[in-house]
Every structure is written in C-alpha cells, then in structure tokens.
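Enquirer: Pasting a structure below so you can have a look.
The values are calculated or read from the model by the stated rules, or taken from the named source; none is laboratory data. Just so it is clear, the structure is predicted and the values come from calculations on it, not from any experiment. Note that we place each Cβ from the backbone using ideal geometry, even for glycine, and neighbour counts take in every protein chain shown. We work out accessible area using only protein heavy atoms, side chains counted, and drop any ligands, DNA or RNA first. Shrake-Rupley method; radii C 1.70, N 1.55, O 1.52, S 1.80 Å.
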Amino acid sequence: MNREEVIERLKEELEIPLFNGKIEEKNYSEEEYQKIKKDLTDYFDNYVRNVEN
C-alpha cells in the first residue's frame with residue numbers, strides 16, 4: 001500500500017479523521033503498516049495520555 005492508503009487506513013482504524021502524519025512516500029507491507037500503527041498508539045499512550053492526567 002502507498003503513503004495515502006496508509007494514512008487513510010490509520011484514520012479509519014484509529015478513529016482519527018483529521019490525521020495527517022508525515023510518512024515516507026513508498027510502498028508499505030502489512031508488517032510495516034502494523035509497526036507504524038503500533039508506534040502511533042504507543043506514542044499516544046505514553047505522551048498524550050500522560051499530559052491529560
């Protein structure tokens with residue numbers, strides 16, 4: 001999948017409709033996509049939620 005497909009899939013799966021992350025322009029495998037998704041959710045859990053609390 002390409003950069004745009006990755007961003008659209010993240011928007012849908014993570015329910016972040018305005019997400020526009022900076023992702024390299026290349027073709028991504030499912031494994032690479034899952035790593036991006038995990039990294040993004042880890043970032044949210046570790047940094048964003050800590051600010052809220």
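Enquirer: If I take all pairs of Cα atoms in the chain, what percentage of them are more than 13 Å from each other? The partial results should precede the final answer.
Expert: Working: 828 of 1378 pairs.
It works out to 60 percent of all Cα pairs.
Enquirer: Right, another one. In degrees between 0 and 90, to the nearest 10, how far off the longest principal axis of the chain does helix 30-43 point, with axes built from Cα atoms?
Expert: Between the helix axis and the principal axis of the chain, the angle is about 20 degrees.
Enquirer: Oh, and also: Given 0.36 nm per residue, what is the gain on full extension from LYS11 to TYR47 after removing their alpha carbon distance, in nm? All intermediate terms of the calculation are to be shown ahead of the outcome.
Expert: Working: separation 36, 0.36 × 36 = 12.96 nm, distance 1.92 nm.
Roughly 11.0 nm would be gained on extension.
Enquirer: Can you give me the long-range amide H partners of TYR28? Hydrogens built in the peptide plane at 1.01 Å from N, cutoff under 5 Å, separation of 5 or more residues or another chain.
Expert: ASN2
Enquirer: Would you mind counting up the charge near ASP39? Only other residues with Cβ under 12 Å from its Cβ, with Lys and Arg at +1 and Asp and Glu at -1.
Expert: Details: positive: LYS35, LYS37, LYS38; negative: GLU32, ASP42, ASP45.
With Lys, Arg at +1 and Asp, Glu at -1, the neighbours total 0.
Enquirer: Only sites in a loop by DSSP and with at most 10 other Cβ atoms within 10 Å count here; which GluC sites (Glu not before Pro) in the chain make the cut? Please list the in-between numbers first.
Expert: Working: sites: GLU4, GLU5, GLU8, GLU12, GLU13, GLU15, GLU24, GLU25, GLU30, GLU31, GLU32, GLU52; in loops: GLU15, GLU24, GLU25.
Passing sites in the chain are GLU15, GLU24, GLU25.
Enquirer: Might you tell me the accessible area per residue for the chain, computed with a 1.4 Å probe and given in Å²?
Expert: Details: 4340 Å² over 53 residues.
Heavy-atom accessible area per residue stands at 82 Å².
Enquirer: Using θ = phi - 60° and the Karplus relation 6.51 cos²θ - 1.76 cosθ + 1.60, list the HN-Hα couplings for the stretch 13-28 in order, rounded to whole Hz, with x at every Gly or Pro.
Expert: 6, 9, 6, 10, x, 9, 4, 9, x, 8, 10, 4, 7, 6, 8, 10
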